[in-house]
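The values are calculated or read from the model by the stated rules, or taken from the named source; none is laboratory data. Keep in mind it's a predicted model, so treat the numbers as computed, not measured. Reconstructed Cβ throughout: ideal geometry from the backbone, glycine too, with neighbour counts over all protein chains shown.
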């Protein structure tokens, strides 16, 4: 199998929740080898048994489809970005992440979020594929990509890594993507109690530890409609059906499973729109009870005008309001 990622097409699908429109900012489609490596217990036979995963989230051979992207939205007059992907020109041990050259910033700008306009960057956790665009290289130095933004992550997350005996690859990631933000005085650490932390009206961090000790999911609300960005608490929709399936990089697999089960139970049969940080298109949907577990009922969004336009159903021009999107 190829280890090289496939550039994603130029588009910015979006979902509208009341007065908030959430844009998906694409970086790369991850190579087919990612699924068996990341979720080794998600065997082709197990995946194939969940026919609702096809065609969006798995192929006919039971190979998982995964994606790398961010989410951007404006809330309360602030331009907010959740996670920053892999980044360009970063030296990484994973060949699918190494020395990328993508149009991520062009996608972000086309969606109406040029880097100098971003006010807040929320990091669900500090892994290389979630912090890469924190910085970009300028005059031979890694500098903050979003110079006017505050970067935010949980205090537990940063303090864990500060005391962790890192291998060189992870230390390199911190040197090029985290420490420059700290040295610029732009990183804020938030205490996230068991009940969550309100960081602005309509914006909350929910503790979902396990993948990393300080991992958080992000909940946003616009005019009574709610969306939740998973981060890596849930890497792939197959984990809806089998919450016990964990990622090979989970620091505490049992805690990760417990967080995933609690999150799915809280979302089941609700109107909350779930936005998966690594879910392949259509990326979003609702959690519904299915057999002995859950499944994702997709909510599609069309590309449409990136900064305006009339609302429309999937595949038509405009931004897609949750209430009128197609569901399966």
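Taking the conditions (1) in a loop (DSSP other than H, G, I, E, B); (2) within 21 Å of residue 35 (Cα to Cα); (3) in contact (Cβ under 8 Å) with a residue 60 or more places away in the chain in turn, residue 239 satisfies each one other than (1). Does at least one position in the stretch 272-286 carry a residue that is free of Cβ contacts under 8 Å to residues at least 40 places away in the same chain and farther than 16 Å from residue 125 by Cα? Looking for residues that are free of Cβ contacts under 8 Å to residues at least 40 places away in the same chain and farther than 16 Å from residue 125 by Cα, one finds none in the stretch 272-286, hence no. Might you let me know whether the stretch 136-145 holds any residue that is within 17 Å of the chain's Cα centre (by Cα) and either farther than 18 Å from residue 31 by Cα or at pLDDT 95 or above (or both)? For the stretch 136-145, residues within 17 Å of the chain's Cα centre (by Cα) and either farther than 18 Å from residue 31 by Cα or at pLDDT 95 or above (or both): absent.
Listed by position, the strands (runs of 3 or more DSSP E) inside the stretch 13-99 whose residues that are buried (at least 18 other Cβ atoms within 10 Å of the Cβ), at pLDDT 95 or above and out of contact with any strand residue (DSSP E or B) (no Cβ under 6 Å at 6 or more places or on another chain) number at least 1 are 67-75, 78-82. Just name the residue that is nearest to the chain's Cα centre (by Cα) out of those in the stretch 249-281 that are part of a loop (DSSP other than H, G, I, E, B) and crowded, with 22+ Cβ neighbours inside 10 Å. Of everything passing the filter in the stretch 249-281, 277 is nearest to the chain's Cα centre (by Cα).
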